[in-house]
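Reviewing the structure listed below.
Since every read-out is calculated from the coordinates, none of them should be taken as a lab result. All of these numbers come straight from a predicted model, not from anything done at the bench. As a convention, Cβ positions derive from the backbone with ideal geometry for all residues, glycine included, and neighbour counts pool all protein chains shown.
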Amino acid sequence: MPVKLTLEMVIFAALAGAAALAAVGVVAFRNATRSALCLVFNFFVLGFLYFSLQVEMLGITQVVVYTGAIMVLFIFVIMLLNLGSSHLLAEKFDGKKPVGIFFGIALAVLLSSQIVPMFARTESKPLVYPLGDSKVVGQTLFTSYVFPFEAVSFLLLVGIVGSILLAKRRMS
């Protein structure tokens, strides 16, 4: 039975292709700044993919946490260390890159040959319960996973205090 293309499938495929190209750009660019900007674009596109899958909570989290906070930190460190300069990235030719590209393309073809026919046979079904609803995420987080949530909060607090102490020790 042939698959009927819908607007949602076309938008999802376009966003997925853009995310894949941005991911390739992260690895392919030699300039660290350009690579980080590709990663920012990839995070935004992944957020939009979550929105297209009607998982709004994950989409908002993706955009705010990863694109807004973590990537600002990455770009700040890149600019601080001046990793964008080309003299640090001068390398001699290495035969590993063509072999890696070959195996990467072979892996992509192998995965596509297994995934695409599976999508052609399936029919879309509505969600049984809202996965990305903030109420469901909050209830699950603060009932079933309250201990791991508090443990992670404590570990982050210890990491912040430790980094402040290390920074103060270097300044004095």
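The table below gives the values:
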read-out: Cα convex hull of region 133-172 - mean projected area over all directions, nm²; value: 3.3
read-out: In region 1-83, the trypsin sites (Lys or Arg not before Pro) that fall in loop regions by DSSP, at most 13 other Cβ within 10 Å; value: K4, R30
